[in-house]
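Undergrad: Below you will find the structure I want to go over with you.
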């Protein structure tokens, strides 16, 4: 589904990605792990089109999307859940969800809302409340739900467990596992390398803008280099 070849990107004169190769197959959950500053979020931003690539190319299906606009990518089915959730705080939970469906026919929205409320029952309870009044975990659920309203072919998850209590981290990863079982294609970035690798079909380790290690998620959990550098073992 996604084929990234030799992607480079920079912030001014500072290189952030230096020739990344990565692929995501249909219905796969692929994890991307690495230290802060390794380039994980930058790569997701390049894939969603909000950060320009300065080299290499990105193919989605049969299309070269390297220069495509963010809107065009959403219309093609690439949807990102950004780091930090980025809610529209004064708007209601339901209005935030509806904003995620701006590309969808109006007749499909009710069914999509019902699906999100089944996945996250607390959002049904709080559907009329302002998104800014939700807890951090509830806001993360809302961010994922808003992305799912776009009916993504590829879901980009950027640090979904950041800042959450351990119980809520477990809930979020349970939801990600549910999405995977429902055949959603996912590229997951998370500082919780152990949890990410445990549910990933395949994984990549980024170091200073390059892929340092790749393999099956379970294999990387047992890799001595990964265990020492990212799992604290």
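Undergrad: Exactly one condition in (1) touching a strand residue (DSSP E or B) at 6+ places or on another chain (Cβ under 9 Å); (2) crowded, with 18+ Cβ neighbours inside 10 Å; (3) closer than 25 Å to residue 61 by Cα is false for residue 140; which is it?
TA: (3)
Undergrad: Follow-up question, since we're still on this one. Being in a strand (DSSP E or B) and crowded, with 22+ Cβ neighbours inside 10 Å is the filter here, so list the residues in segment 190-225 that pass it.
TA: Passing the criteria: 203, 204, 205, 206.
Undergrad: Further question: Suppose we filter 114, 110, 68, 72 for residues that are at pLDDT 90 or above, surrounded by fewer than 19 Cβ atoms within 10 Å (Cβ to Cβ) and in a loop (DSSP other than H, G, I, E, B); which single one remains?
TA: The conditions single out 68.
Undergrad: Moving on. Among the numbered conditions (1) buried (at least 16 other Cβ atoms within 10 Å of the Cβ); (2) modelled with pLDDT under 95, tell me where residue 47 comes up short.
TA: Looking at each condition in turn, residue 47 falls short on (2).
Undergrad: If you take the residues of segment 133-186 that are more than 12 Å from the chain's Cα centre (by Cα), free of Cβ contacts under 8 Å to residues at least 40 places away in the same chain and not in a helix (DSSP H, G or I), which of them is farthest from residue 41 (Cα to Cα)?
TA: Across segment 133-186, the extreme among qualifying residues is 182.
Undergrad: Looking at segment 117-137, which of its residues are in contact with a strand residue (DSSP E or B) (Cβ under 9 Å, 6 or more places away or on another chain) and either surrounded by fewer than 16 Cβ atoms within 10 Å (Cβ to Cβ) or over 25 Å from residue 173 (Cβ atoms) (or both)?
TA: Answer for segment 117-137, where residues must be in contact with a strand residue (DSSP E or B) (Cβ under 9 Å, 6 or more places away or on another chain) and either surrounded by fewer than 16 Cβ atoms within 10 Å (Cβ to Cβ) or over 25 Å from residue 173 (Cβ atoms) (or both): 128, 129, 130.
Undergrad: Also, quick follow-up: All but one of (1) outside any loop (DSSP other than H, G, I, E, B); (2) without any contact (Cβ under 8 Å) to a residue 40 or more places away in the chain; (3) surrounded by 14 or more Cβ atoms within 10 Å (Cβ to Cβ) hold for residue 228, so report the exception by its number.
TA: Result: residue 228 passes all but (3).
Undergrad: Which is in a helix (DSSP H, G or I) and in contact (Cβ under 8 Å) with a residue 60 or more places away in the chain, of 32, 43?
TA: 43
Undergrad: Also, I was wondering about something else. Hey, among the residues in segment 177-189 that are over 24 Å from residue 6 (Cα atoms) and in contact with a strand residue (DSSP E or B) (Cβ under 7 Å, 6 or more places away or on another chain), which one's surrounded by the fewest Cβ atoms within 10 Å (Cβ to Cβ)?
TA: Checking each candidate, the answer is 184.
Undergrad: Looking only at segment 51-90, count every residue that is out of contact with any strand residue (DSSP E or B) (no Cβ under 8 Å at 6 or more places or on another chain) and touching a residue at least 24 places away in the same chain (Cβ under 8 Å) and tell me the total.
TA: Qualifying residue count, segment 51-90: 8.
The values are calculated or read from the model by the stated rules, or taken from the named source; none is laboratory data. Worth saying up front: this structure is predicted, and the values here are computed from it rather than measured. Every residue, glycine among them, receives a Cβ derived from its backbone with ideal geometry; neighbour counts consider all protein chains shown.
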